[in-house]
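Asks: Handing you a structure now.
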2 protein chains.
Amino acid sequence: MSSGTRKIRTMGEFAAVSGISRPTVSKYFQDPRSVKKVTRERIETAIDKYGFRPNLFAMNQNRRLTKNIGIVVPYLADPFFAEIARNIERRCLDAGYFPMLFSSHGETSLENDIFETLRSLKPAGVLLAPLGRRSERQVVEDFCGDVPTVLFDSEIEGVGEAFVGSDNFQSIPLIVEYLCRTGEPPSFFEMPPVNPNANKRRQAYIQAMESLGHAPQVVHVHGEGWAFEEVGYREGMRVIAERKLPTDTVLCSNDRLAIGFLAAAYEKGLRVGRGQGFALRVAGHDDHPFARFTSPSLTTVAQDYAAIAERSVETLFRLLDQGINAERRETELFPGSLVMRQSA
Amino acid sequence: MSSGTRKIRTMGEFAAVSGISRPTVSKYFQDPRSVKKVTRERIETAIDKYGFRPNLFAMNQNRRLTKNIGIVVPYLADPFFAEIARNIERRCLDAGYFPMLFSSHGETSLENDIFETLRSLKPAGVLLAPLGRRSERQVVEDFCGDVPTVLFDSEIEGVGEAFVGSDNFQSIPLIVEYLCRTGEPPSFFEMPPVNPNANKRRQAYIQAMESLGHAPQVVHVHGEGWAFEEVGYREGMRVIAERKLPTDTVLCSNDRLAIGFLAAAYEKGLRVGRGQGFALRVAGHDDHPFARFTSPSLTTVAQDYAAIAERSVETLFRLLDQGINAERRETELFPGSLVMRQSA
DNA sequence: CACAGCTCTTGTCGCGCGTAAAAAAAAGTG
DNA sequence: CACTTTTTTTTACGCGCGACAAGAGCTGTG
């Protein structure tokens, strides 16, 4: 913006000084490509010159559909969700939308409040990673009835226009096979499921073990909430102390649990790793951003963050374009890939 | 909301069915305590009955000042910022404000874009943890001139109405003294500073060492951006391999760097901890949420997240009430507390 | 040349609420 | 009871833009 030019306050003023009619300017701001190239360039020159941005509230007041996109994650202090939210945010911005980020912080009441808030924001669509077991299904369902919503990460059967996540029945067998091939078959370390992924992973583990001719061994420990590391540590300390581990290979339900478990193993003096001189192998699931920096580094299955983010956004935008087709709820699952590190 | 009652769409309709005049209802929604108790109760009964919420965009359209509070952090994938943002969000909601969370993701252009977005949101105030060295001072300053802004975590001298952070000149001596008292004096492991805290910590380290009669030893390594763990790991591997560590005690500039360094030490087979049989002591700064779960657990100085969040919000609200007093820019620094764990 | 097909302009209405001023009602006071 | 003070109602306007309709201007086609 060049200085010395008086501040433009309204779209009318801006239209006047830039020699374009107001409706055309309005059209430009709704979709720059909807006006002819020469007009677009004249407007953009004027924007540079006067630094005008239309009033956000006035814009959204009368629009049938805003350009807002809601992004809701269950727990933002988990870098996994922070990372995926960042991906989604970026893609929304690039597509000319206005992403708004919310975290349920693991609390049902907060998730419900967020739905209320989102309703009043009249978003074009919402990308929702629900709390899971703590979500109130009816509330989520009602919300999805009002606003086009794509679920990701955690599935709620039949709710929302689509679901994008990762394929636990592919990823878990992948690492189970690897672990069986390279050493003692794993036991499965889990806490009470916060969402369907945890259940599916246990089922997938059991199936994979059985199909390989091994007896599944599930170590189910206490704990709730989203402080997974804490649970993994505390319960890891306990099962190690009480010698409740059925095998010397432990597959944790997710990386955060594994991170806590690794801390417990270290503190108990158990050397974690594969090969001679190691007491324990530990593996996780997700490829959490910190999994590279545990001691030892964590062998895990990588979820394809970028792909999940991209497809979620893509699916939502396609839905918005085509209009909702309530008949066919789409589900897309991405495969995981084995990440071999030092812990197993 | 009871069913069977037709949907209320506007405040006028709502006022009609609840037997209150629209301006009074409007007053209620701006501040529930600004109407008499009986009126407030009648309105709240009606809200429960009809489930009405005023249109957010229409509300903010004509208001001199909205109830929006912007929260900007430099890097949301850092659980430290996620945690502090959560604290701040909560407090804003409790105070009847509408927090909106943004992350600069470590990028100057994104930070600048966020300022533009915030301007159009006409927020009552903003809580800003700037990028630091990568912030464009003039841009931040201009923004703070337009919107009441409280800086936190990372200081920019003279910018914003106030600053709330932690006192590096108290916290660093605290841990330096501890390390000197219990073993070999520490060297200071740092990467190129992303913000003033890093500089202050180095200075505080040097001062503390000198006042204890030791020669400061700063190990300055390469690296940039916000992937601190990666830098700590990569450069940790290098300095260990090249035997560039001047001492067997390393104080890292922050916990994330320490987490990476610990991974490197582990991979290099150096046992980290205090006492007999350990090759290295490693300490950090911040009490990062994951510092409890490293192997070994990380000795560090805790920043008082909750206090910083609370005071930031409190300061902003006080400023909003009293009106800005440009004369006296307030600075509040909280002391850290030593957290002794296994790594040092 | 006429005609069609875009794109832009002109003009006008209304969204849902904030806000202000004045009048009316209610509450508090002695 | 009369009086003041607080609270609510009435009435009216305007915020900045979206949406729409009708017409004007430009382009390309045969």
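Asks: Roughly how big is the protein assembly as shown's charge dipole about its Cα centre, with Cβ charges of +1 (Lys, Arg) and -1 (Asp, Glu), in debye to the nearest 20?
Replies: Here the protein assembly as shown has a charge dipole of around 1580 debye.
Asks: Another question about this same structure. Against the globular-protein guess of 2.2 N^0.38 Å, express the Cα radius of gyration of chain B as a ratio, rounded to two decimals.
Replies: Relative to the 2.2 N^0.38 Å estimate, chain B comes out at 1.23.
Asks: Additional query: Taking the Cα centre of chain B as origin, work out the dipole magnitude from +1 charges on Lys and Arg Cβ and -1 charges on Asp and Glu Cβ, in debye rounded to 20.
Replies: Values: 42 positive and 43 negative charges, 297 e Å.
Dipole size: approximately 1420 debye.
Asks: What's the buried accessible area, both sides, between A and B using a 1.4 Å probe, rounded to 100 Å²?
Replies: On the way: alone 16650 and 16650 Å², together 29090 Å².
Approximately 4200 Å² gets buried when A meets B.
Asks: Please give the average number of partner chain Cβ atoms lying within 10 Å of the Cβ of each residue in B:82-91, rounded to a whole number. Before the final figure, lay out the partial values.
Replies: Working: counts 9, 2, 1, 4, 5, 0, 0, 5, 2, 0.
Whole-number average of other-chain Cβ neighbours for B:82-91 is 3.
Asks: Something else: Using a 1.4 Å probe, what is the accessible area per residue for the range B:168-302, in Å²?
Replies: Computed with neighbouring chains in place, this is 37 Å² per residue.
Asks: At what distance in nm do the modelled label points of A:HIS214 and B:GLU210 sit from each other, each positioned 7 Å from its Cα along Cα→Cβ?
Replies: Taking the simple label geometry, A:HIS214 and B:GLU210 are separated by 6.0 nm.
Asks: Once Lys and Arg get +1 and Asp and Glu get -1 on their Cβ, which of B:TRP226, A:VAL17, A:PRO196 lies farthest toward the positive end of the dipole of the protein assembly as shown?
Replies: Final value for the positive-end residue is A:VAL17.
Asks: Which whole-number percent gives the relative contact order of the range B:139-242, counting Cα pairs below 8 Å spaced six or more residues apart?
Replies: Relative contact order here is 22 percent.
Asks: Under a Cβ-only charge scheme (Lys and Arg +1, Asp and Glu -1), can you give me the dipole magnitude of the range B:168-302 about the Cα centre, in debye to the nearest 20?
Replies: Charge dipole, the range B:168-302, about its Cα centre: 220 debye, nearest 20.
Asks: Please report, as a whole percent, how much of the solvent-accessible surface of the protein assembly as shown comes from carbon and sulfur atoms (probe radius 1.4 Å).
Replies: That fraction is 47 percent.
Asks: Counting other Cβ atoms within 10 Å of each Cβ, which GluC sites (Glu not before Pro) in the range A:271-344 have at most 15 and sit in a DSSP loop?
Replies: On the way: sites: A:GLU310, A:GLU314, A:GLU327, A:GLU330, A:GLU332; in loops: A:GLU327.
Sparse-neighbourhood loop GluC sites (Glu not before Pro): A:GLU327.
Asks: Answer with one residue from B:GLY236, B:GLN61, A:LEU320: the one whose Cα lies farthest towards the positive end of the charge dipole of the protein assembly as shown, charges on Cβ with Lys, Arg +1 and Asp, Glu -1.
Replies: Farthest towards the positive end: B:GLN61.
Asks: Counting only helical runs of four or more DSSP H residues, what would the 222 nm mean residue ellipticity of the protein assembly as shown come to if each run contributes -39,500 (n - 2.57) and the total is spread over all its residues? The partial results should precede the final answer.
Replies: Values: 24 runs with 308 residues, N = 688.
Calculated from helices alone, the mean residue ellipticity at 222 nm is -14000 deg cm²/dmol.
Asks: Could you point to the residue in A:LEU118, A:VAL164, A:GLY336 farthest towards the positive end of chain A's charge dipole, with +1 and -1 charges on the Cβ of Lys/Arg and Asp/Glu respectively?
Replies: The residue sitting most towards the positive pole is A:LEU118.
Asks: Helix by helix through chain A, keep the DSSP H runs that span 15 Å or more along the axis on Cα and average at least -1.0 on Kyte-Doolittle, and give those back in order.
Replies: Helices meeting the criterion: A:79-94, A:108-121, A:168-182, A:228-241, A:255-267, A:305-322.
Asks: Take peptide B:292-301, look around each residue's Cβ out to 10 angstrom, count Cβ atoms belonging to other protein chains, and average those counts. Kindly include the intermediate steps, with their values, before the conclusion.
Replies: Values: counts 5, 15, 8, 11, 4, 4, 0, 0, 0, 0.
The per-residue average across the peptide is 5.
Asks: Related question: Where does the charge balance sit around A:GLN207 when Lys and Arg score +1, Asp and Glu -1, over other residues with C-beta under 14 Å from its C-beta? List each step's numbers first, then the result.
Replies: Numbers: positive: A:LYS200, A:ARG201, A:ARG202; negative: A:ASP167, A:GLU177, A:GLU210.
Its environment carries a net charge of 0.
Asks: Between beta-carbons, use under 13 Å as the cut-off and find the net charge around B:PRO99, counting Lys and Arg +1, Asp and Glu -1.
Replies: Values: positive: B:LYS67, B:ARG86, B:ARG90, B:ARG91; negative: A:ASP113, B:GLU89, B:ASP94.
Neighbour charge sum, excluding B:PRO99 itself: +1.
Asks: Next question, about the same structure. Considering Cα pairs under 8 angstrom that are at least six residues apart, work out the relative contact order of chain A and quote it in whole percent.
Replies: Relative contact order of chain A: 15 percent.
Asks: Say a label goes 7 Å from Cα toward Cβ at B:ALA279 in every copy; what distances in nm does this one have to the rest, shortest first?
Replies: Result, one decimal in nm: 2.0.
The values are calculated or read from the model by the stated rules, or taken from the named source; none is laboratory data. Remember, it's a predicted structure, so these values are computed and weren't measured experimentally. Using ideal geometry, Cβ is built from the backbone for each residue, glycine included, and neighbour counts are taken over all protein chains shown. Calculation scope for accessible area: heavy atoms of the full protein, side chains included, ligands and nucleic acids excluded. Shrake-Rupley method; radii C 1.70, N 1.55, O 1.52, S 1.80 Å.
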